[in-house]
1. May I ask you to work out the translational diffusion coefficient for the stretch 66-327 at 20 °C, viscosity 1.002 mPa s, via Stokes-Einstein with Rh from the Kirkwood sum over Cα pairs, reported in whole µm²/s?
2. Going through the cross-link list Lys9/Lys354; Lys402/Lys781; Lys521/Lys813; Lys116/Lys453, which pairs have a Cα-Cα distance over 22 Å in this structure?
3. Which ³J(HN,Hα) values, rounded to whole Hz and listed in residue order, are derived for the stretch 629-634 from phi using the Karplus coefficients 6.51, -1.76 and 1.60 in 6.51 cos²θ - 1.76 cosθ + 1.60 with θ = phi - 60°, glycine and proline given as x?
4. Given Lys128/Lys279; Lys53/Lys257; Lys561/Lys823; Lys99/Lys336; Lys99/Lys301; Lys352/Lys561, which pairs have Cα atoms separated by over 24 Å?
5. From the P(r) of the stretch 293-358, can you give the percent of Cα pairs sitting at distances over 19 Å?
6. Around Gln104, what is the net charge, scoring Lys/Arg as +1 and Asp/Glu as -1 over all other residues with Cβ under 15 Å from its Cβ?
7. Could you calculate the contour length gain from Glu623 to Asn326, that is, 0.36 nm times the residue separation minus the distance between their Cα atoms, to one decimal place in nm?
8. Quick check on packing: order 432-439, 20-27, 519-526 by the mean number of other C-beta atoms within 10 Å, highest mean leading.
Amino acid sequence: MTKNFELEKTEFLREFSNQYGYNGKIDKIRENEYPQLKGITYLDHSGSTTYPKSVFTSFTKDLTNNLYGNPHSRNPSAQNTSQRVDQVRAKILKHFNAKPDEYQVIFTQNATAAIKLVGEIFPWNIGKSSYRYLRESHNSLIGLRNFAKESNSPDIQVVTEDDLNTLFTYENNVGNDDDNNDNNDDDVIYNLFAYPAQCNFSGERFPLSWISQIKKFNTEKSKFLVLLDSAAYSSTSLLSLIDKDNSPDFVVLSFYKIFGFPTGLGALIIKSELNSILKKRYFGGGTLDAIAYDKIWQEFKKDLSLRYEDGTINFLDIIALGHSFNAMEEIYTDFKFITNHVTSLIRFLYIKMKSYQHWNGKSVCIIHSNNDFSNNKIQGPVFNFIARRADGSLVGYAELEKLASVNGIHIGAGPLCNPGCMDKWVNLSGDEIVKNFKAGKLCGDDNDIFNGKPTGTIRISLGAMTTIEDILIWLDFFKTYFVETINVANNVEATNNIRTTEIINNNSDITLERLILYPIKSCHGFTIPSSISWPITNKGLLYDREWMLISIETGRALSQKLYPKMTLIHPKVIREKELLIITAPGKEPLQIHLNEYPNEFESLTCSSQVCGDNVEAFVYISEHVTQWFTEFLGVNCRLARQSSTKSSLNNHNNNNNNNGNNRFIKPDLLNSESNLPLSLSNESPFLLISQKSVDHVNQKILEYNSGDTNNNENGRYNINDINNVNNGNNNNCKTEEMKNEENKNNFTSSYENWENLKIVEDCFRANLVINGNIQEYEEDKWKMVKIRGQTFKIISPCKRCQMVCINTETCKKTKEPYSTLAKYRRVKGKIYFGQHMIHLPELSSLPYEISSNYKVELLD
Ligand SMILES: *Cc1c(COP(=O)(O)O)cnc(C)c1O
């Protein structure tokens, strides 16, 4: 830890040492039990918490020493299973302080499946039952309204806390006898009320006393049953069902939220007394006592859990769950210590986040809670907020989340499956959501601000093994990027991508230093020797991004973002020999003839996705070629060539004849030009960067990082973590890593030392690198450049993503230059570096060719 953190840690411990850390054991627990958290700041425990190592030791031992069969059989291994499953059911009831004769456990896949099961078996009275749910419900609870609707419910209502106080009075209560005098048959009307014990969005907790308040109005003829969603609440707190009459009828939860492992296992804990009124609908597997196949007759098992667990239960994971219970008890002794621990941390986090102000005194966080986070009866360990800039504008959740990811901090972001809370906290009403959807806004896309309102928020959520260091790393990150200590607004606008009409120093001595071709999309660039002049086509440099690698499984073009190892593949075009020569470490060079199109021998056409567009490509079906790439990358892929390239040379006037090429420059990059064709390059035909700007980034990287390294040769965070990370997790060259598409955001906050943070210009994947007697970022202001008789128009600054963080020599991901650029080249959440260009043939001389070592002239 840096000294800085030690101070703040001391400050924290002064107030919270009684509650925090399991009597000083936390650091040991973290080190021994959670190696997967090394070098990572994991703050998304509401998404899922993580598992302790020891659970696998005991689980593996159990599975290898005992044989477990299908519990529906009767043989000894089946009986083994039944016995263990019964033990786990008992553990669950004990954990919820429920009496075995009052409650039963029905295993489900997760909390959502348990809710769905309630909907299926609930005794809906056609045309009479009502369904009410709290506004702060997860959408899994909202989904129950479709069951209510199907049974023609006259009353489906979302209620707020305030509504509750008035709604459940004698006058308004739907369960009131007088209201239902027309109910002449003897049927009791069953109504359902559902709410979360803890809101998954904000961490707000709702009182269990509601249950008795609601039930007070139950009559002989009309009753409310209560479904409590305990999925979020149970992860860090104990729920007691000992007082049966004032406890929920149904409790649902997912076990991964408590233990991290196993996943795919949840439960419905249900009052046994309901057995007689529930409606068994679908059936299958072991839920039957007897069945006739040729007439509609069957008898279901009497026992509640056996009756409703259709098919074979997830018996090995249930056994694993038993081990998770034991491991937790072993590690943390008592669940109440976990509650204390996380309460101390969330309170500290709240105090700090609330205190942050910009230079103008405006507070940075809009906090989505009315509590002060000191009382865990009303607030769980979840901090939901939106950050605001000094000028009052909002920081979109995607922007914040991406920056956190690059810094090795894992947080929750988005609407978080809770539309009621989006309305409550962000005033995004249902009507607006409908309107936004019609305008193209989809759940989970990157539009984090839509029509001026946020479409999601940021959620920090804590778990049993969260440490004060995790919190301090988060706070440090947040302060660095989102608290504006000085008024830099004017400064930023001027130096950043905003192009002005300032006079350009045309006497400056600027040259085109390098000309770089990327024959295969996402692979290494090839610097064209200055002695060679290179043809320009309507889509960029000849052969630029003409080839790509296509995943055999998905049909998608492979990208360096998922497969960093692609950068170790070096393609080179030798025009006089008509060869594309491809090399990679440890591989024999691969030769492809430039004038041989795959369709001229054996070929097939396929349609592939590049940046969301479909492109037509010919696939090389030669086994040799396929093997070469597949072996090197460790992913099944084939080389393909864009289908339209044959006619593209010098055919500026022939844009219509594009032979299947349907990629065009995105209109938002252009003012007037449109429908200009693109090769497989990402956004425009040419990308220009300035070496001076690259140098400036490096200077900034050293500036920003050296401050932390005075007493710490390894960088700003935990020294011990770094070696581990670099020996293990962070080695993105590993084949297994490549295969893991999920891994794409697995960046880490650690690095070897700051010298290694230096970047080379290759990471920006420019076609033209210019240098000379100019200031950094002067290119932001240019409008047109002329090089060796060829005129290019600058159309827009290039928006950067995390792909710049892949070191093109080692293929490792780091946090730079993204993190540093985010500090000084970020405008309204977008990070800019380099300029997109198009070629203007009408202002250029024939032949359309270019080469490096030529002077760059600036035009107006
Ligand atoms: C997580 C969560 C759910 C959904 O749980 P699944 O495991 O995805 O089924 C429902 N409600 C709340 C309050 C939750 O936190």
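1. Details: Rh = 19.3 Å.
So the translational diffusion coefficient is about 111 µm²/s.
2. Values: Lys9/Lys354 18 Å; Lys402/Lys781 28 Å; Lys521/Lys813 19 Å; Lys116/Lys453 32 Å.
Distance filter (> 22 Å) returns Lys402/Lys781; Lys116/Lys453.
3. Coupling constants for the stretch 629-634: 6, 4, 5, 5, 8, x Hz.
4. Numbers: Lys128/Lys279 16 Å; Lys53/Lys257 16 Å; Lys561/Lys823 22 Å; Lys99/Lys336 20 Å; Lys99/Lys301 21 Å; Lys352/Lys561 35 Å.
Exceeds cut-off: Lys352/Lys561.
5. On the way: 1431 of 2145 pairs.
Roughly 67 percent, once rounded to a whole number.
6. Working: positive: Arg89, Lys91, Lys94, Lys99, Lys244, Lys271, Lys280, Lys301, Lys302, Arg307; negative: Asp86, Asp101, Glu102, Asp249, Glu273, Asp303, Glu309.
With Lys, Arg at +1 and Asp, Glu at -1, the net is +3.
7. On the way: separation 297, 0.36 × 297 = 106.92 nm, distance 5.26 nm.
Computed gain between Glu623 and Asn326 is 101.7 nm.
8. Values: 432-439: 13.2, 20-27: 15.9, 519-526: 24.1.
With the highest mean Cβ count within 10 Å placed first, the list reads 519-526, 20-27, 432-439.
Computed from the coordinates by the stated procedures, all read-outs in this text should not be read as laboratory data. On a predicted model such as this, the values are computed, not experimentally measured, just so you know. No Cβ is skipped: glycine too gets one built from the backbone with ideal geometry, and neighbour counts run over all protein chains shown.
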